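One structure coming up, written as structure tokens, with questions to follow.
The values are calculated or read from the model by the stated rules, or taken from the named source; none is laboratory data. A quick note: this is a predicted structure, and the numbers were derived from the prediction, not measured. Positions of Cβ are backbone-derived with ideal geometry, glycine not excepted, and every protein chain shown enters the neighbour counts.
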């Protein structure tokens, strides 16, 4: 990223060629080190000396940028490695027609690894280290300074230039296209960016994570250094849900692991490049976000209502103004304008309208419930903004120190010099209501993340977990009774029963437990007993027990589990665990029962965690109001459920090498506590064999 010398292999004076643009970029960027072109057909290009090969160079080159076709790549790379280069940037796709095995990309990777040479690419756009004026970038770009504070790292080359090259509101210190990540990954670049004093915010366009441990370490560094990360994540993880045995596995969607990872480290996820650019602009401004929600001021009643609707849909909290603030606003507004947030302050307009808007905006922003503010007006002719809008922002910020934004309801242009100047002065101008509100949600969520105090995971006796590690290794996937035993010993509330191998044993077990009981098949390999009519409820007496046993034995075999019948009315919840191929165990919590896969109202978290994390995730579920008590009934014991989830997270973390899936469904949550009535544990060995969905 900071080479003292660079050679561009494949440099050419031909317009439109990558070798030409790469050399131009290095010159335009003001690269101060030794710069050479390599092309046997020329003696100089754009004033830069040109040589036939590395052996002809007057000195040692640290970094080689390859801007030539793939058929010539291996010979040129060997020449560079023999010369002793320490780093390369590979812009081509590393694909040959009628290639041999191993293919070119793998042959290049092997050469680089043997030589200990770091590589950006292949199949990327290169990188720009604007701070140090190293534009190792193969394609046309706009003018950039060397005082930016935004880092952008993108697996998508087009995704990089689509933001880097099109909007002067953003000032970058680093822009990197890691491409195929032959030796240096996105996580490595992120770690480097977080070390730079200029970096204020990082944007990621992610297709995958090739080094999960390194990415987790980098995310942890970002959290410790309070540097926000905004990410687009596309593509799928290797969750292998098609092989899942449990509800937990079936409910683990394509992005489950990333959602859990981002939640743990405060990564703000956005859906597209408009949202990414808007969030980066908003995080790049220097003013800290206060407590509270958004205040906004408008010159249109209809557009004011539009913001209310879109903010509600996107779950962006609007500040509720105090009575004192509303009174001050009412004294300034025309009759008929309600003194509320969001505020329409225009009415009939007139010569004093602009001063009224500026003063009202400052009053709103001074309210203790205001975290930051937005002036939401439309662009005018040619996509410009009125200079008077800048006064609104500056006046309110000077009075409060809080962040302020100028927002257009419809797309404008970043080319307006006033837009660029205001944004770079710390008063961002943004286009599009939804991208702004997504950015606002990111600001508020990251603020809350930085103030989050996580409770520690509960203590579970390590001796118990170690004993179960050896037992699972010896015995493999446990039956339901054994699963219940493991989880109960770890402190989870389990409705434990007794196994019976014949009718007399079933009657004895039911009598000892006390009627009524539930009787379930204990036949090995049946993960979902209700699917095969393997559960008989409300067995009330000895005769009913005999009838139930005979029915189960005739259809599913004579091994049954007898357990107490749970009569407490309650909400059916679910707890579970899956083992992700990239990031390891994930704990699931949410609403369950026989319709768990239909409801899909669950959240996943990286273990281990405490009860506070469980409560916070529970509060994000769509059906959360069911846990507040219905029609005067006592509220369920949510704390008991959160404690169970936290204990399960400790089990999942410590036994991650042994267990592929855990399913507790349903977990009955009532006013008296919670109780898991079914348990399924799937070992990793069984998962690799495909399991049994019978």
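Residues that are modelled with pLDDT of 90 or more, at least 2 per element: which helices (runs of 4 or more DSSP H) completely within the range 204-295 meet that? Before you say what the answer is, go through the steps one by one.
Working: elements: 212-224, 247-251, 256-265, 273-284.
The qualifying helices (runs of 4 or more DSSP H) are 212-224, 256-265, 273-284.
From the list 88, 118, pick out the single residue that is in contact with a helix residue (DSSP H, G or I) (Cβ under 7 Å, 6 or more places away or on another chain), surrounded by 14 or more Cβ atoms within 10 Å (Cβ to Cβ) and either touching a residue at least 12 places away in the same chain (Cβ under 8 Å) or over 24 Å from residue 192 (Cα atoms) (or both). Show your work before the answer.
Details: 118 fails: in contact with a helix residue (DSSP H, G or I) (Cβ under 7 Å, 6 or more places away or on another chain).
Within the list 88, 118, the selection yields 88.
Select from the range 624-645 the residues that are assigned to a loop (DSSP other than H, G, I, E, B) and out of contact with any strand residue (DSSP E or B) (no Cβ under 6 Å at 6 or more places or on another chain) and write down the one among them that is modelled with the highest pLDDT. It would help to see each step written out before you state the result.
Of all residues in the range 624-645, those assigned to a loop (DSSP other than H, G, I, E, B) come to 629-637.
Next cut, out of contact with any strand residue (DSSP E or B) (no Cβ under 6 Å at 6 or more places or on another chain) only: 629-635.
Numbers: 629: 81, 630: 72, 631: 70, 632: 73, 633: 77, 634: 85, 635: 89.
Per the stated criteria, the residue is 635.
Next question, about the same structure. Given the criteria without any contact (Cβ under 8 Å) to a residue 60 or more places away in the chain, in a loop (DSSP other than H, G, I, E, B), touching a strand residue (DSSP E or B) at 6+ places or on another chain (Cβ under 8 Å) and outside the structural domain of residue 228 (by TED's automatic domain parsing), does residue 337 qualify?
So residue 337 passes the test.
Look at residue 378 and say whether it is assigned to a loop (DSSP other than H, G, I, E, B) and either free of Cβ contacts under 8 Å to residues at least 12 places away in the same chain or within 34 Å of the chain's Cα centre (by Cα) (or both). Lay out the reasoning, then the answer.
On the way: assigned to a loop (DSSP other than H, G, I, E, B): yes; either free of Cβ contacts under 8 Å to residues at least 12 places away in the same chain or within 34 Å of the chain's Cα centre (by Cα) (or both): yes.
Taking the combined requirement at face value, the residue satisfies it.
Among the strands (runs of 3 or more DSSP E) contained in the range 552-606, which hold 3 or more residues that are over 21 Å from the mean Cα position of the chain (by Cα)?
Values: elements: 560-564, 571-580, 584-591, 602-605.
Those strands (runs of 3 or more DSSP E) span 560-564, 571-580.
If you don't mind, there's one more thing I want to ask. What are the residues in the range 146-189 that are out of contact with any strand residue (DSSP E or B) (no Cβ under 9 Å at 6 or more places or on another chain), modelled with pLDDT under 95 and outside any helix (DSSP H, G or I), if any?
Residues satisfying the conditions are 165, 166, 167, 168.
Which of the residues spanning the range 255-265 are in contact (Cβ under 8 Å) with a residue 60 or more places away in the chain, under 16 Å from residue 452 (Cβ atoms) and under 8 Å from the mean Cα position of the chain (by Cα)?
Once the filter is applied, which keeps residues that are in contact (Cβ under 8 Å) with a residue 60 or more places away in the chain, under 16 Å from residue 452 (Cβ atoms) and under 8 Å from the mean Cα position of the chain (by Cα), the range 255-265 yields 260, 261, 263.
Hey, among 141, 166, which residue is assigned by TED's automatic domain parsing to the domain that holds residue 275 and touching a residue at least 24 places away in the same chain (Cβ under 8 Å)? Steps first, please.
Values: 141 fails: assigned by TED's automatic domain parsing to the domain that holds residue 275.
That would be 166, the only listed residue that is assigned by TED's automatic domain parsing to the domain that holds residue 275 and touching a residue at least 24 places away in the same chain (Cβ under 8 Å).
Run residue 402 past the list (1) modelled with pLDDT of 95 or more; (2) outside any helix (DSSP H, G or I); (3) over 28 Å from residue 324 (Cα atoms); (4) touching a helix residue (DSSP H, G or I) at 6+ places or on another chain (Cβ under 8 Å) and report the number of the one that doesn't hold.
For residue 402, the failing item is (3).
Quick test of your reading of the structure: residue 467 fulfils all but one of (1) touching a strand residue (DSSP E or B) at 6+ places or on another chain (Cβ under 7 Å); (2) free of Cβ contacts under 8 Å to residues at least 24 places away in the same chain; (3) loosely packed, with under 15 Cβ neighbours inside 10 Å. Name the failing condition by number.
Result: residue 467 passes all but (1).
Hey, among 621, 664, 648, which residue is under 19 Å from residue 593 (Cβ atoms), modelled with pLDDT of 95 or more and part of a loop (DSSP other than H, G, I, E, B)? Outline the logic, then answer.
Details: 664 fails: part of a loop (DSSP other than H, G, I, E, B); 648 fails: part of a loop (DSSP other than H, G, I, E, B).
Exactly one of 621, 664, 648 is under 19 Å from residue 593 (Cβ atoms), modelled with pLDDT of 95 or more and part of a loop (DSSP other than H, G, I, E, B), namely 621.
Does the range 346-355 contain any residue that is assigned to a loop (DSSP other than H, G, I, E, B) and touching a residue at least 60 places away in the same chain (Cβ under 8 Å)? Before the answer, list the steps.
Narrowing the range 346-355 to residues assigned to a loop (DSSP other than H, G, I, E, B): 346-352.
Subset that is touching a residue at least 60 places away in the same chain (Cβ under 8 Å): none.
Within the range 346-355, not a single residue is assigned to a loop (DSSP other than H, G, I, E, B) and touching a residue at least 60 places away in the same chain (Cβ under 8 Å).
Suppose we keep only residues that are touching a helix residue (DSSP H, G or I) at 6+ places or on another chain (Cβ under 9 Å) and free of Cβ contacts under 8 Å to residues at least 24 places away in the same chain within the range 506-543. Which one would you say is surrounded by the fewest Cβ atoms within 10 Å (Cβ to Cβ)?
533
Within 30 Å of residue 146 (Cα to Cα) and either in a strand (DSSP E or B) or in contact with a helix residue (DSSP H, G or I) (Cβ under 7 Å, 6 or more places away or on another chain) (or both), is that true of residue 64? I'd like the intermediate steps shown before the answer.
Numbers: within 30 Å of residue 146 (Cα to Cα): yes; either in a strand (DSSP E or B) or in contact with a helix residue (DSSP H, G or I) (Cβ under 7 Å, 6 or more places away or on another chain) (or both): yes.
Considered against the rule, which asks whether it is within 30 Å of residue 146 (Cα to Cα) and either in a strand (DSSP E or B) or in contact with a helix residue (DSSP H, G or I) (Cβ under 7 Å, 6 or more places away or on another chain) (or both), residue 64 comes out as yes.
Whether any residue in the range 364-375 is modelled with pLDDT of 90 or more, assigned to a helix (DSSP H, G or I) and more than 16 Å from residue 304 (Cα to Cα) is what I want to check. Explain how you work it out, then say what you get.
Going through the range 364-375, the residues modelled with pLDDT of 90 or more turn out to be 364-375.
Applying the additional criterion that residues be assigned to a helix (DSSP H, G or I) yields 364-366.
This time we only want the ones that are more than 16 Å from residue 304 (Cα to Cα), so: 365-366.
Among the residues of the range 364-375, at least one is modelled with pLDDT of 90 or more, assigned to a helix (DSSP H, G or I) and more than 16 Å from residue 304 (Cα to Cα), which makes the answer yes.
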